[in-house]
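What follows is one structure encoded as structure tokens, with my remarks underneath.
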Amino acid sequence: MQDTLPPAIFIMGPTAAGKTDLALELAKRYPVEIISVDSALVYRGMDIGTAKPASDILKQFPHHLVDILDPTEAYSAGRFRDDALALMADITSRGRVPLLVGGTMLYFNALQKGMSKLPSADASVRAKLDAEAAEFGTGYLHQRLAAVDPVAAARIHVNDPQRLQRALEVYQLTGKSLTELTSEQGETLPYKVCKIILAPFERAVLHERIARRYQEMVDKGFLAEVERLFEREDCHPGLPSIRAVGYRQAWSYLSGECDMETFIYKAIVATRQMAKRQITWLRAQQDGVWFDSGQSLPLDDVNHYLTMQVTQLQNNA
């Protein structure tokens, strides 16, 4: 049954692994269309801090689900799944192959396993949780979550206020834990997926790359980019866009809460923590094939893998 499904390619990996570069190389060689799997690339005007491909690259190699929202708008895993499935169906109908690339593992998970019936966001509940976080800190929220959903608390970092808030919000609205509800999965993905996991195999290489890339972002004018958001009356630190790693720390700097050195240090540490969470999730992908991007893009190895997959599909046809 699986062999009769249409093909799709996933490029997954931690931040700074080279996923976009690999996707562009594959787009030169195969009849693919790129779909971004990134919760920050959806926002217009957030370019430097998200490592968004340059406009000339996006013109040559269009990326679906990039620059589709204003930073004041919210985007969910459920909405991503709906958008991605519609795009994949359209791409497949035109005889091309969907190539999904990004590092938002929540989106990949929703796409592969379907969505459980989680409640919509509740402004009053979120306002109360925001007030508690402001008064008592995120450690307090983490302790509350551990009491009602220890599995989620073990997975969600104490310094990840957005996910802590959502897990507590779900519990308050339903009386059930996020872990319990997400185990009730929906419809699975109707595609034969070639799952490429790209990452430097040496952690030190990834850490050095993260630090270098973040400094390059600052040098390219990242703070000016965040300042334009900071000056807007409709933008605030509670928005999902501003909570993105790097933007949250830059906002604190512009608010006078820390100096430049501390801002950069905190942003790099937060990015490393995010990469660690991404890798932890990826290790559970038993059908994924890992490729080392520590020294250079493993393009030959990836091409060999994809050729084998195509041959297998043809033989089973």
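Taken over the range 39-54, the criterion of being open to solvent by 20 Å² or more (accessible area, probe 1.4 Å) and without any contact (Cβ under 8 Å) to a residue 40 or more places away in the chain is satisfied by Arg44, Lys52, Ala54. One residue stands out in the range 178-208 among those that are within 27 Å of Ser241 (Cα to Cα) and at pLDDT 90 or above: the one that is most open to solvent (accessible area, probe 1.4 Å), namely Glu208. Among the residues of the range 9-56, the one identified as closer than 30 Å to Ala204 by Cα, among the charged types (D, E, K, R) and in contact with a helix residue (DSSP H, G or I) (Cβ under 6 Å, 6 or more places away or on another chain) is Glu25.
Output the helices (runs of 4 or more DSSP H) that fall wholly within the range 236-317 and possess 1 or more residues being surrounded by 16 or more Cβ atoms within 10 Å (Cβ to Cβ) and among the small types (Gly, Ala, Ser), or say none. Answer list for the range 236-317: 247-254, 260-282.
Quick test for you: out of Tyr140, Tyr214, Tyr171, pick the one residue that is touching a helix residue (DSSP H, G or I) at 6+ places or on another chain (Cβ under 8 Å) and within 20 Å of Leu118 (Cα to Cα). Answer to the selection: Tyr171. Of the residues making up the range 1-56, those that are within 19 Å of Ser93 (Cα to Cα) and among the hydrophobic types (A, V, I, L, M, F, W, C) are Leu5, Ala8, Ile9, Phe10, Ala27, Val32, Ile34, Ile35. What do you reckon, is Asp67 open to solvent by 20 Å² or more (accessible area, probe 1.4 Å), assigned to a helix (DSSP H, G or I) and among the charged types (D, E, K, R)? No; evaluated as a whole, the condition is false for this residue. Of all residues in the range 96-112, those that are farther than 19 Å from Val32 by Cβ have Cβ atoms under 7 Å from Cβ atoms of residues that are open to solvent by less than 10 Å² (accessible area, probe 1.4 Å), 6 or more apart or on another chain, in Thr104/Val37; Ala110/Phe80. In the range 15-30, the qualifying residues are those that are assigned to a loop (DSSP other than H, G, I, E, B) and of a type in the set (Ser, Thr, Tyr), and the one that is least open to solvent (accessible area, probe 1.4 Å) is Thr15.
The conditions of being within 13 Å of the chain's Cα centre (by Cα), of a type in the set (S, T, N, Q) and open to solvent by less than 10 Å² (accessible area, probe 1.4 Å) are met by Ser36.
Does any residue of the range 39-51 turn out to be over 24 Å from Asn303 (Cβ atoms), charged (D, E, K, R) and within 18 Å of the chain's Cα centre (by Cα)? Taking every residue of the range 39-51 in turn, at least one turns out to be over 24 Å from Asn303 (Cβ atoms), charged (D, E, K, R) and within 18 Å of the chain's Cα centre (by Cα).
So Pro200 passes all but one of these: (1) over 25 Å from Glu25 (Cα atoms); (2) in contact with a Leu (Cβ under 9 Å, 6 or more places away or on another chain). Which condition number does it fail? In the conditions (1) over 25 Å from Glu25 (Cα atoms); (2) in contact with a Leu (Cβ under 9 Å, 6 or more places away or on another chain), Pro200 misses (1) alone.
Can you find a residue that is of a type in the set (Asp, Glu), surrounded by 15 or more Cβ atoms within 10 Å (Cβ to Cβ) and in contact (Cβ under 8 Å) with a residue 40 or more places away in the chain anywhere in the range 169-176? Yes, there is a match, as at least one residue in the range 169-176 is of a type in the set (Asp, Glu), surrounded by 15 or more Cβ atoms within 10 Å (Cβ to Cβ) and in contact (Cβ under 8 Å) with a residue 40 or more places away in the chain. Kindly check whether there is at least one residue in the range 215-232 that is farther than 23 Å from Ala17 by Cβ, open to solvent by 50 Å² or more (accessible area, probe 1.4 Å), in a helix (DSSP H, G or I) and basic (Lys, Arg). Yes: one or more hits.
The values are calculated or read from the model by the stated rules, or taken from the named source; none is laboratory data. Just so you know, these numbers come straight off a predicted model, no measurement behind them. Glycine also receives a Cβ, built like all others from the backbone with ideal geometry; neighbour counts cover every protein chain displayed. Keep in mind that these areas ignore ligands, DNA and RNA; they rest on the heavy atoms of the full protein, side chains included. Shrake-Rupley method; radii C 1.70, N 1.55, O 1.52, S 1.80 Å.
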